[in-house]
Every structure is written in structure tokens, then in C-alpha cells.
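The values are calculated or read from the model by the stated rules, or taken from the named source; none is laboratory data. None of the values given here were measured: they were computed from a predicted structure. All Cβ positions, glycine included, derive from the backbone under ideal geometry; neighbour counts span all protein chains shown.
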Amino acid sequence: MRRVLLQLDPDPQPASFDAIVALDAGAEVVLPYGGVTPENVVPLVHGAIFTRGPQQLHHTAIFIGGSDVSQAEAIAQVVQNTFFGPMRVSVLLDPNGANTTAAAAVWCVARHLSPPGPVLVLGATGPVGSRCVRLLAQASYQVKVGSREQSRAQAVVEQVLLHHAQAKLQPVQTSQPDALRQALQESQAILAAGAAGVQLLTQAQWEQSSARVLVDLNAVPPVGIQGIDPQDKATSRGEGICYGALGVGGIKMKIHRAAIAQLFEQNDLWLDAEEVYQLAQRVLAPQSG
């Protein structure tokens, strides 16, 4: 019985990237559906769960992707509500690559910063940044949630606290020089998850900070943290250990492929950000260098 993956994408054209990764990860058939909405997804789920017996459903899985993260999350909620009893298949939620990228970025921080210490997340209000905050909070890091607007940083703090009530979070308005300077002095790691082509930190700023681990997720010039090469992967630069977007990207791809492969091991997995990070810790644990 062939391993079939339903690729559910709210965009008009389902992403070819996600289909190719799925095939490389062991899916034998990928069925891509574009224009998926919470209103039209139920028949697709029924098609996935009613075509095979309960003992065979681990051969079918669902991937929810697309560029619209909030829409993908709404679709995921309907998918989850459509399952019942043994009639379910495993699901990976990774719109815009946000979960696998965040898991890779946080893993890079954690391998060099143990026990957990204070981390400044720049661009923390976007899909990847907010997930980095979630994962760091879950792992007991003290997280400084950076945004140019205090209200947006506070909104992320409040959202994360709904899931991790004991999290140690502090909103930081990075457009205020004094607030940014203090956050840099209090942080042992900096993770930049801002928009493409936007520099969030100069080299002089991070070199004068207390951070010794730097992770930048922007490969489009200018990079998010000046002085980091996109291909950096545990590269020593001055007093810092640096990861660039392409270096993190290679780690993200290992996590993505491993997550797809795991979907076909059982029929009741639900892989959101936290579960993807747990998988990353298992998959990447033997790595060195």
C-alpha cells in the first residue's frame, strides 16, 4: 500500500517546494490541493480517512502549508475537528515553513546556550519569530520579545502565555535605542527573524552586546544581523558563534524531511511547532560541528 500525502494549501497554486520535499522524504504519492479553505476542507479529510481501514490509515497523511499562516491554522483546526475515534491520519502543520524553521533556529541557540539563559528575538511578531518565542519559552529560556511597536510585542507575549503560563517573557520596543541597548546587554543569544532585506542589528551593536550566539534567518541582502554570512553554521566571528539563513536552512530541511517521514509511522500524530521541535531534538542530537 503506497504512502499518500495530501498537501493542503490555501494559496491558489500549491507550493511545488513542499511537494518535492515530501517525495524526497518518503511519500510515494503527493496529492496537492490549492485554494483550500476551512469551508471546503472537510470532504478532502473524509477522502483521506474513509478510503482505508483503521489499520491501514498510517499509509495516509496530511501536510498543511501555504503562505497564509493564519488561514492554514484555521484549516488545521477544521481538520482536527473532522477526525473521530480511530478515523484519523497524521498531520504536519508547517505554513510558510514557520514551524520547521523556528525549530531549527531554536535548536541552534540551545546547542550553545545550556542551561537556558536570556535570548533576544528580533522580528518576534512574524510567523517564524513568534514561534521561536513559543519554543524558547517552552524550553525555559528567558525571552525578550522584540518589535518596533511595543503593542505588537506585548500581543505576542500574551498569546504565548496562553500556552505557556510560566514563561519568562519581556516585550522590547526595538525602535527605542535605550530599550534595545539594554536588551542586548542582558541577552546571551540573539535570534533575528525579521522580514527579508531588513537589517535589524549592526555588527557594532552585537559586538558590544553580551550575546555569544547569533542566529539570523534572513538571506536577502542586507541580512538581518550585519556581519553574519548566510552560509554561517556554528561559525566563530569575534566572540560570537554565528548561524546564517542558509546554514539554518540546511538544518530546517533535515527536520522537515524527518517530520514527513514520521507521519507514516502511525496515524494519530499531530505535529505543530512544539512537536516539530521535539522531533528536531531527537533527529539532530547526534550531530556535531
Within the stretch 185-199, take every residue that is within 22 Å of the chain's Cα centre (by Cα) and surrounded by fewer than 24 Cβ atoms within 10 Å (Cβ to Cβ) and give me the one that is farthest from VAL121 (Cα to Cα). GLY197
Could you say which residue among GLN266, GLN278 is out of contact with any Gly (no Cβ under 9 Å at 6 or more places or on another chain) and assigned to a loop (DSSP other than H, G, I, E, B)? GLN266
Unique match (being touching a helix residue (DSSP H, G or I) at 6+ places or on another chain (Cβ under 8 Å) and either part of a helix (DSSP H, G or I) or of a type in the set (Val, Ile, Thr) (or both)) among ALA234, ALA219, ALA259: ALA259
Of the residues SER147, SER151, which is in the same structural domain as THR235 (by TED's automatic domain parsing) and buried (at least 24 other Cβ atoms within 10 Å of the Cβ)? SER147
Would you please list the contacts, defined by Cβ atoms under 8 Å and residues six or more apart or on different chains, that run from a residue in the stretch 1-21 that is exposed (fewer than 11 other Cβ atoms within 10 Å of the Cβ) to a residue that is at pLDDT 95 or above and in a loop (DSSP other than H, G, I, E, B)? MET1/ARG52; ARG2/GLU28; PRO12/GLY34; PRO12/GLY35; GLN13/GLY34
For the stretch 135-152, check the following and say yes or no: at least one residue is touching a helix residue (DSSP H, G or I) at 6+ places or on another chain (Cβ under 8 Å) and of a type in the set (Asp, Glu). no
Would you pick out the residues in the stretch 137-150 that are part of a helix (DSSP H, G or I) and closer than 21 Å to ARG181 by Cβ? GLN150
Regarding the stretch 65-88, can at least one residue be identified that is β-branched (Val, Ile, Thr), part of a strand (DSSP E or B) and either modelled with pLDDT of 95 or more or within 21 Å of ASN40 (Cβ to Cβ) (or both)? no
Quick one: which residue in ALA61, ALA110, ALA76 is buried (at least 20 other Cβ atoms within 10 Å of the Cβ), in contact with a helix residue (DSSP H, G or I) (Cβ under 6 Å, 6 or more places away or on another chain) and not basic (Lys, Arg)? ALA61
If we ask which residues in the stretch 120-159 are among the small types (Gly, Ala, Ser), in contact (Cβ under 8 Å) with a residue 12 or more places away in the chain and farther than 17 Å from ILE225 by Cα, their number turns out to be 6
If you take the residues of the stretch 237-256 that are part of a helix (DSSP H, G or I) and among the charged types (D, E, K, R), which of them is surrounded by the fewest Cβ atoms within 10 Å (Cβ to Cβ)? LYS254
Could you give me the residue pairs with C-beta distances under 7 Å whose first residue belongs to the stretch 215-238 and is among the hydroxyl-bearing types (Ser, Thr, Tyr), whose second residue is in a strand (DSSP E or B) wherever it lies, and which are 6+ apart or on separate chains? THR235/CYS242
The correct count of residues that are surrounded by fewer than 13 Cβ atoms within 10 Å (Cβ to Cβ), touching a residue at least 12 places away in the same chain (Cβ under 8 Å) and in a helix (DSSP H, G or I) in the stretch 160-184 is 1
Boolean, ALA48 is surrounded by 21 or more Cβ atoms within 10 Å (Cβ to Cβ), touching a Ser or Thr at 6+ places or on another chain (Cβ under 7 Å) and of a type outside the set (S, T, N, Q): yes
Just checking, how many residues over the stretch 23-45 are of a type in the set (Ser, Thr, Tyr) and either part of a strand (DSSP E or B) or touching a Ser or Thr at 6+ places or on another chain (Cβ under 8 Å) (or both)? 1
